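The values are calculated or read from the model by the stated rules, or taken from the named source; none is laboratory data. It should be emphasised that the depicted structure is a prediction, and the values quoted were computed from it without experimental measurement. Here the Cβ positions follow ideal geometry from the backbone for every residue, glycine too, while neighbour counts run over all protein chains shown. When the accessible area is computed, the model is the full protein with side chains, heavy atoms only, and any ligands, DNA or RNA have been set aside. Shrake-Rupley method; radii C 1.70, N 1.55, O 1.52, S 1.80 Å.
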Amino acid sequence: YKHYALIVSEISGHGLQIFNLNLLLDDRKNVAYTETSHYSEFGNAHNIFVNEDTGFAYAVGNGFWSFGPCKGGLNFVDLSNPEKPKSAGCYEEDGYTHDVQCVIYTGPDKGYKNKEICFASNEDTVTIIDVSNKENPIQIARFEYQHKYTHQGWLTEDHEYFIYDDELDERGGQLTKTYVLDVRKLSQPKLTGIHSGRTQAIDHNLYVRDNAVFQANYRAGLNVLSIRDMSKADFDEIAYFDVYPDDDDGDFNGAWSNYPFFPSGTIVVSGIEQGLFVLKLTAEITPRPTTTPTQSPRPTRTSSPTAFSFWELTRGSKNDCEITDDERCVTDGPGEYGNSEKCVYTAKKDMILEVDGVF
């Protein structure tokens, strides 16, 4: 968070360590650093999530199941001053939380617009909580399914779907399963489908960027899925990097997690036995389409056309037709259907085109 690292551990009594990363800019060698600050309102924790938009951290899995602070549920930490973290409350009504994502909600459910909503993976449910008021968090929904172990998940960027994994449902030779939960109405989440992967590896931690899902799937390594149709849990695997080449069995070795959010596009993958891998994705990811199509602006011809990123003029001349500067709309003016167009633009790369209307 900002220039601070937050560190938790499942070691009893560990608490939360906060370290100022700016100290690493010191050019001295062989320096032993100590923590910048310490938070001891809990001992052990499985993980910690920071909502950078609000400045609150959420420790999860603190204590052992129902015996620790917050009964193992969400433990709120105020990071308005990271060097002096403060307790901000708990959400414990649904018991142990294994992982969580909290966002300022911008999805289609208007009653929760701009509120801080948490999506918690709670071993046997996906539980949705409004944590806008830290003194009075409110459970919105508790989604149950035929589970083995609800482990972790991530929202699509439009906040319409929650994609999650179950850590134990691959045991016994099942293909990797990825679950898609429709959360367009937060109080009534619905399972839209389950995607079966290429291998029998256990899925562990996944994240969504643009129109792709980045999965750390233990022995199968990093799997990158392109989203085709969320309403049917339809994905295409467009890339993978195998950190455990011996096999793709359903055992707990190999890729633990990944991070695909660097502005550079770099992806890092952590391997339990292997260490850290720094990767660059060569497959192309398309931005996720907007929820509601918008009206294209009236086309205008640029005075000094530049090389187009998406289209190539393959028939006619630039003087025969108009194209908007954002390349979203091309027209040759009023005319009839058929092959009477004055010019033709051909796409330079593969695209997914979505239309709304009758043609």
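Remark: pairs (first residue in segment 87-108, open to solvent by 30 Å² or more (accessible area, probe 1.4 Å); second residue assigned to a strand (DSSP E or B); Cβ separation under 7 Å; 6+ apart in sequence or on different chains) = Ser87/Val77; Cys90/Leu74; Cys90/Asn75; Cys90/Phe76; Glu93/Gln139; Ile104/Glu116. Modelled with pLDDT of 95 or more, assigned to a strand (DSSP E or B), within 20 Å of Thr178 (Cβ to Cβ) and open to solvent by 90 Å² or more (accessible area, probe 1.4 Å) - does that describe any residue in segment 278-297? No, every residue in segment 278-297 fails to be modelled with pLDDT of 95 or more, assigned to a strand (DSSP E or B), within 20 Å of Thr178 (Cβ to Cβ) and open to solvent by 90 Å² or more (accessible area, probe 1.4 Å).
Checking the structure you have, find out if any residue of segment 132-146 is of a type outside the set (A, V, I, L, M), open to solvent by less than 10 Å² (accessible area, probe 1.4 Å) and either in contact with a strand residue (DSSP E or B) (Cβ under 7 Å, 6 or more places away or on another chain) or touching a residue at least 60 places away in the same chain (Cβ under 8 Å) (or both).
Just the residues of segment 132-146 that are of a type outside the set (A, V, I, L, M), to begin with: 132-137, 139, 142-146.
Now drop any that are not open to solvent by less than 10 Å² (accessible area, probe 1.4 Å), which leaves none.
Looking for residues that are of a type outside the set (A, V, I, L, M), open to solvent by less than 10 Å² (accessible area, probe 1.4 Å) and either in contact with a strand residue (DSSP E or B) (Cβ under 7 Å, 6 or more places away or on another chain) or touching a residue at least 60 places away in the same chain (Cβ under 8 Å) (or both), one finds none in segment 132-146, hence no.
Condition check for Ala59 on (1) touching a residue at least 12 places away in the same chain (Cβ under 8 Å); (2) out of contact with any Cys (no Cβ under 9 Å at 6 or more places or on another chain): one failure, at (2).
Counting the residues of segment 263-275 that are outside any strand (DSSP E or B) and either in contact with a Gly (Cβ under 7 Å, 6 or more places away or on another chain) or within 10 Å of Arg209 (Cβ to Cβ) (or both) gives 2.
Look at Tyr164 and say whether it is of a type outside the set (A, V, I, L, M) and either under 17 Å from the mean Cα position of the chain (by Cα) or open to solvent by less than 10 Å² (accessible area, probe 1.4 Å) (or both). Walk me through it before giving the result.
Values: of a type outside the set (A, V, I, L, M): yes; either under 17 Å from the mean Cα position of the chain (by Cα) or open to solvent by less than 10 Å² (accessible area, probe 1.4 Å) (or both): yes.
In short, yes.
If you take the residues in segment 48-85 that are modelled with pLDDT of 95 or more and open to solvent by 50 Å² or more (accessible area, probe 1.4 Å), which one is nearest to Ser257 (Cα to Cα)? Ranking the qualifying residues of segment 48-85, first place goes to Glu52. Taken as a whole, the condition of being under 19 Å from Phe262 (Cβ atoms) and not in a loop (DSSP other than H, G, I, E, B) applies to Ala5.
Taking the criterion of being open to solvent by 90 Å² or more (accessible area, probe 1.4 Å) and either of a type in the set (Val, Ile, Thr) or on the phi > 0 side of the Ramachandran plot (or both), the residues of segment 21-47 that qualify are Asn30, Thr34.
When only residues in segment 167-178 that are closer than 14 Å to Val213 by Cβ and open to solvent by less than 10 Å² (accessible area, probe 1.4 Å) count, which is nearest to the chain's Cα centre (by Cα)? Looking at residues that are closer than 14 Å to Val213 by Cβ and open to solvent by less than 10 Å² (accessible area, probe 1.4 Å), I get Thr178. Within segment 43-62, the set of residues being under 17 Å from Pro137 (Cβ atoms) and polar (S, T, N, Q) comprises Asn51, Thr54, Asn62.
The strands (runs of 3 or more DSSP E) falling completely within segment 181-221 that include 1 or more residues that are open to solvent by less than 10 Å² (accessible area, probe 1.4 Å) and in contact with a strand residue (DSSP E or B) (Cβ under 6 Å, 6 or more places away or on another chain) map to 205-209, 212-216.
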